[in-house]
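J.: Can you keep this structure in mind? I'll have questions shortly.
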Amino acid sequence: MDPADDLASGLMQLVYVSIAVQPFTEDDLLAMLVPIRIRNQLHDVTGLLVFHDGRFFQVLEGPEDAVLTIYDRIRDDRRHHDLEELYRGEVAQRLFGEWSMGLVHTDAMPAGPRLGVVDFLRSGIGTAPGSEVQRLLIAFRDGLLREDLDI
């Protein structure tokens, strides 16, 4: 992705959390990601998906119409419920521009790195204003468990 393209495109970022209706294994999550990554690439959408303790945390980035179309499908997905939107807004550039959909599954991680993700998710993100959500996402992108991501 060329960051110059982002500036001219009306780039949107949307962040939400939800609760899974059933347990997900790492294999379940990886199988779920195959069509997600294909669809995201077709619509120029990038992002991150974290699964921790039965909860999804997801970041979607891309052209506004594409992000909103994908988000509508996500809201209708019966694999989760209690979806809560944490942030929706225009951004100057993508935080996860190289990731069709990065995945962090904390249950499959060693205890030490898992604690880093848990700290990230417990940092008040649910009540944080948009700037705080952005700060946490940047910290995540810039090193927190980057080597453990399945990108």
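J.: HN-Hα J couplings of region 50-57 from phi, Karplus 6.51/-1.76/1.60, θ = phi - 60°, integer Hz, Gly and Pro as x?
T.: After applying 6.51 cos²θ - 1.76 cosθ + 1.60, I find 10, 10, 9, 6, x, 10, 9, 10 Hz.
J.: So who's got an amide H within less than 5 Å of the one on Gly102, skipping anything under 5 residues away but keeping other chains? H placed 1.01 Å off N, in plane.
T.: The answer is Gly47, Leu48, Leu49.
J.: Indicate the gyration tensor shape class of region 10-56 (rounded, prolate or oblate), computed on the Cα atoms with a ≥ b ≥ c the square roots of the eigenvalues: a/c under 1.5 is rounded; otherwise a/b larger than b/c is prolate and the rest oblate.
T.: In terms of gyration-tensor shape, oblate.
J.: Let me ask something else. Pull out the extension gain between Ile38 and Arg78, defined as 0.36 nm times the separation in residues minus the alpha carbon to alpha carbon distance; nm, one decimal.
T.: Roughly 12.4 nm would be gained on extension.
J.: Another question, then. Where does the charge balance sit around Glu85 when Lys and Arg score +1, Asp and Glu -1, over other residues with C-beta under 14 Å from its C-beta?
T.: With Lys, Arg at +1 and Asp, Glu at -1, the neighbours total -1.
J.: For the peptides 53-63, 84-94, what is the packing order when you average, over each peptide's residues, the other Cβ atoms within 10 Å and list the highest mean first?
T.: Most protected by this proxy first, the peptides run 53-63, 84-94.
Read the figures in this text as sums done on the coordinates, not as results from a lab. This is a predicted model, so every value here is computed, not measured. Virtual Cβ from ideal backbone geometry, glycine too; neighbours counted across all protein chains shown.
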